[in-house]
Amino acid sequence: MDLFLFSQIVISIAVAAAILLQARGTGLSSTFGGESTAYRSRRGLERTLFRLTIVLATAFIVISLVSVARQPSGA
């Protein structure tokens, strides 16, 4: 198995887990008069999880682009 493909699979699972862990209180009910979390600052674990999500998503994009660039032109 190609190293890039394996790393894409692992990173995509990690991104999905990070997104699901920070998805509390963001349902449809908060859109219509629920708790407003748009302008509050992130602290502690929430900030770390947010930054980790950004890093993982960026790594996934970079690995995807490198994987496409490495393919032979006839494939």
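The values are calculated or read from the model by the stated rules, or taken from the named source; none is laboratory data. All values derive from a computational prediction rather than experimental measurement. Every residue, glycine among them, receives a Cβ derived from its backbone with ideal geometry; neighbour counts consider all protein chains shown.
Structure notes:
- Candidates Ser7, Ser73, Ser29 - the one that is assigned to a helix (DSSP H, G or I), out of contact with any strand residue (DSSP E or B) (no Cβ under 6 Å at 6 or more places or on another chain) and at pLDDT below 90: Ser29
- Output for segment 34-63, where each listed residue is small (Gly, Ala, Ser) and at pLDDT below 95: Gly34, Ser36, Ala38, Ser41, Gly44
- Scan segment 3-19 for residues that are under 17 Å from Val68 (Cα atoms), out of contact with any Phe, Trp or Tyr (no Cβ under 9 Å at 6 or more places or on another chain) and free of Cβ contacts under 8 Å to residues at least 60 places away in the same chain and the total you get is 3.
- Answer residue from segment 10-26, given it is under 22 Å from Ile61 (Cα atoms) and not hydrophobic (A, V, I, L, M, F, W, C) and is modelled with the highest pLDDT among those: Ser12
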